Amino acid sequence: MKFLAKLIFLILISSCVNSQLTPNEITLIQNYHNQWRSNPNGPTPVTPISGLVYNESIATALNLNLRKCDDSYSNMYQYAQNSEWQTWATPISSFNLTSILVNIGESSKYYDWSIAGCNNISSSNCEIWTNAVWNKSKSFGCAKSICDETIVLSCSYYPAGGFKGVLPYKPTSINPSASTTPKMPNFSSGSVDWSDYQTPVRDQGECKSCWVFGSLAALESRYLIKNGVSEKSTLHLSAQNAMNCITSGCESGWPANVFDYFESSGIAFEKDYPYDAIGSDNCTSSSNKFEYSGYDSVENTKDSLIQELKNGPITIALYSDTAFQSYAGGIYDSVEEYKDVNHIVLLVGYDKPTDSWKIKNSLGTKWGELGYARITASNDKLGILLYNSFFPKFK
């Protein structure tokens, strides 16, 4: 009986944790990789980039590592033999391999050839793309596992690549001016997307500080729109400064509180007042302050939000339930309709063809689409239009 019970337990563990890639999935992954390599989005290579060979030994080793479900990378990566990446999908039903691969390919637009690196830190898919088109890599393997309610997908490349400051392949020519400055959104299309003018996605942790992070994200983004994107990887305003001065800790709040409180005094930078996800009543700050001239609100209509988005991102409120917190990709359409709000995020865009909003969250890059989400705008089940929204102003 003990042997039978142990056997049943092992079978259950295996069925919950291990989920091999199917032959069709492997073919799909390999086809996308070689498509990226044969038509890289960038300067023409001096010599064509050869296709990658799928390596079953790499895939097997990677699969054994993923079954640990501890978010660790394999020994191949740890010993610098291979370059490697992981991505997560929660719940399991949200896993869409084609969507993941398409997003990786599209992220190549964030690669800056003048600095030999990705110019948008919030788009880690760009770094995945760099690994995939690394000219010196010859073979790769991939694996996936189910860990609780999350699917983990990972690929590993040999020899290792993706090094920052080193080009993935030798191009015939580089046009730095074409990549250092993001294009302004094309408003005539009816769509707008300020993703290229974003600082890195933050992680608020267990603290109820979304109202601070959503407000500071608007300050940072509108500053970059006005002054250029050279600081987007380093501009980091202090959420702790706002938490301690306005609420004395991890309490809920409203964006207007942040914009109003620091309008005259300015807000500290993260390096001077680091985030601890706890908070206190220690309202002190450094002499080095980030300043803005004021703030305004947008009335709660869809047309008003789209119109103001032409000027820059907007701090908005919505309702975040368990399903939304488990969002992993695609255009989100809530099953439930809410008449209240409990979460603050940054509205960064609107896509007319799909009639959807694009938001930046403060739950880290493992949430959603690297920290971002697309939400249907054809209805307002999450309560985005229940209240006025806010944005900062600069002279």
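The values are calculated or read from the model by the stated rules, or taken from the named source; none is laboratory data. Just so we're clear, the structure is a prediction, and the values are computed from it rather than from any experiment. All Cβ positions, glycine included, derive from the backbone under ideal geometry; neighbour counts span all protein chains shown. Keep in mind that these areas ignore ligands, DNA and RNA; they rest on the heavy atoms of the full protein, side chains included. Shrake-Rupley method; radii C 1.70, N 1.55, O 1.52, S 1.80 Å.
Note down all Cβ pairs under 6 Å where the first residue falls in the range 279-299 and is open to solvent by less than 50 Å² (accessible area, probe 1.4 Å), the second is at pLDDT below 85, and they're at least six residues apart or on different chains.
The qualifying pairs are Gly279/Gly249.
May I ask you to list pairs of residues, at least six apart or on different chains, whose Cβ atoms are under 8 Å apart, with the first in the range 37-61 being assigned by the TED database to the domain that holds Val102 and the second being of a type in the set (D, E, K, R) and open to solvent by 40 Å² or more (accessible area, probe 1.4 Å)?
Asn41/Lys109; Pro45/Lys170; Val46/Lys170; Thr47/Lys170; Ser50/Lys138; Leu52/Lys138; Val53/Lys138
(1) in contact (Cβ under 8 Å) with a residue 24 or more places away in the chain; (2) open to solvent by 50 Å² or more (accessible area, probe 1.4 Å); (3) in contact with a strand residue (DSSP E or B) (Cβ under 8 Å, 6 or more places away or on another chain); (4) under 23 Å from Ser188 (Cβ atoms): which one isn't true of Leu347, the others all being true?
So the condition that Leu347 fails would be (2).
Which pairs have Cβ atoms under 9 Å, sit 6 or more apart or on different chains, and link a residue in the range 20-32 that is more than 18 Å from Val102 (Cβ to Cβ) to one that is open to solvent by less than 40 Å² (accessible area, probe 1.4 Å) and in a helix (DSSP H, G or I)?
Partner pairs satisfying both residue conditions: Gln20/Asn63.
Tally the residues that are more than 29 Å from Tyr327 (Cβ to Cβ) and either in the same structural domain as Tyr327 (by the TED database) or not small (Gly, Ala, Ser) (or both), restricting the search to the range 62-90.
Total satisfying the criteria: 7.
Within the range 328-344, does at least one residue satisfy the condition of being touching a Lys or Arg at 6+ places or on another chain (Cβ under 6 Å), assigned by the TED database to the domain that holds Ser264 and at pLDDT 95 or above?
Taking every residue of the range 328-344 in turn, at least one turns out to be touching a Lys or Arg at 6+ places or on another chain (Cβ under 6 Å), assigned by the TED database to the domain that holds Ser264 and at pLDDT 95 or above.
Do any strands (runs of 3 or more DSSP E) lying entirely in the range 258-375 carry at least 1 residues that are touching a Cys at 6+ places or on another chain (Cβ under 6 Å), and which ones are they?
Passing ranges, in order: 343-351.
Tally up the residues in the range 187-218 that are at pLDDT below 90 and of a type in the set (Gly, Ala, Ser), please.
So the count comes out to 2.
Name the residues in the range 244-261 that are in contact with a Phe, Trp or Tyr (Cβ under 8 Å, 6 or more places away or on another chain) and of a type in the set (A, V, I, L, M, F, W, C), would you?
Cys245, Ile246, Trp254, Ala256, Val258, Phe259
Determine if the range 378-392 includes at least one residue that is assigned by the TED database to the domain that holds Val201, out of contact with any His (no Cβ under 6 Å at 6 or more places or on another chain), outside any loop (DSSP other than H, G, I, E, B) and free of Cβ contacts under 8 Å to residues at least 60 places away in the same chain.
Scanning the range 378-392, I find no residue that is assigned by the TED database to the domain that holds Val201, out of contact with any His (no Cβ under 6 Å at 6 or more places or on another chain), outside any loop (DSSP other than H, G, I, E, B) and free of Cβ contacts under 8 Å to residues at least 60 places away in the same chain, so the answer is no.
Does Leu64 satisfy the condition of being within 20 Å of Val133 (Cβ to Cβ) and modelled with pLDDT of 90 or more?
no
State all residues of the range 63-72 that are assigned to a helix (DSSP H, G or I) and open to solvent by 90 Å² or more (accessible area, probe 1.4 Å); if no residue qualifies, say none.
Leu64
Looking at the range 235-248, which of its residues are in a loop (DSSP other than H, G, I, E, B) and farther than 18 Å from Arg202 by Cα?
Within the range 235-248, Ser248 is the sole residue that qualifies.
Take the residues of the range 302-323 that are among the hydrophobic types (A, V, I, L, M, F, W, C) and touching a strand residue (DSSP E or B) at 6+ places or on another chain (Cβ under 7 Å): which is most open to solvent (accessible area, probe 1.4 Å)?
Of everything passing the filter in the range 302-323, Ile306 is most open to solvent (accessible area, probe 1.4 Å).
Would you confirm whether or not the range 219-235 contains a residue that is assigned by the TED database to the domain that holds Ile359, open to solvent by 10 Å² or more (accessible area, probe 1.4 Å) and within 24 Å of Tyr319 (Cβ to Cβ)?
no
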